[in-house]
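First the structure, in the form of structure tokens, and then the observations on it.
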Amino acid sequence: MAKTYNLPCNIACTLDLIGDRWTLLIIRELLVGKTKFNELRQSLTGIAPNLLSDRLQMLEREGLVVSELYSGHPPRYQYALTQKGRDLRHVLNAMAIWGNRYLQPKHYELIHSTCQHTVTITCYCEHCGQKTDDVSYVPVTARAEELL
């Protein structure tokens, strides 16, 4: 069994799920349209086939990926992200923006497709309809009591 942080924290629990080596890169490849095992393996230079298979099976068990048999002899599957998996694009986008700001060399920029300029990450409050960077980590139990 994989080690877990075992902490009451959304970040720790998310890392328990997707923090293993290669997992986020597999999700990245699925986000950009790679769907077949061999496509994933070729684009992720250095990943062992058994490790790729293990990661895909774990992602499927956790509801982030679905597989579909596309060839019976030999059995071959194609993979797609579920909505839960596709929502991780925000995590990957934030990491790409951070890396582009602070790491060298730079490899990719995240750009707005319409105007071709770089973008940033902003939080949006659905309640008041405002964009904000003024956010706080608040325990869910404290927040629930506040709303009563």
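We did not get these values from a lab; they are worked out from the coordinates using the rules stated. The structure displayed is predicted, hence computed values, not measured ones. FYI the Cβ positions are ideal-geometry reconstructions off the backbone, even for glycines, and counts take in every protein chain you see.
Numbers at a glance
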item: Built amide H within the under 5 Å cut-off of residue 65, gap 5+; result: 60, 82
item: In order through the range 110-127: 3J(HN,Hα) via Karplus (6.51 cos²θ - 1.76 cosθ + 1.60), integer Hz, x for Gly, Pro; result: 9, 10, 6, 4, 6, 9, 6, 9, 5, 10, 10, 9, 9, 8, 10, 8, 5, 5
item: Qualifying chymotrypsin sites (Phe, Trp or Tyr not before Pro) in the range 87-147, DSSP loop, other Cβ atoms within 10 Å at most 10; result: 108, 137
item: Cα-based radius of gyration of the range 50-109 once divided by 2.2 N^0.38 Å, which approximates compact folds; result: 1.49
item: Helix axis angle, 89-102 relative to the chain longest principal axis, alpha carbon, degrees; result: 80 degrees
item: Correct choice for volume of the Cα convex hull per residue in Å³ that was computed from the model, options [x] 156; [y] 112; [z] 184; result: [z]
item: Over the range 10-82, relative contact order from alpha-carbon pairs under 8 Å, at least 6 apart, %; result: 29 percent
item: Distant-in-sequence amide H partners of residue 36 (H built 1.01 Å from N, under 5 Å); result: 79
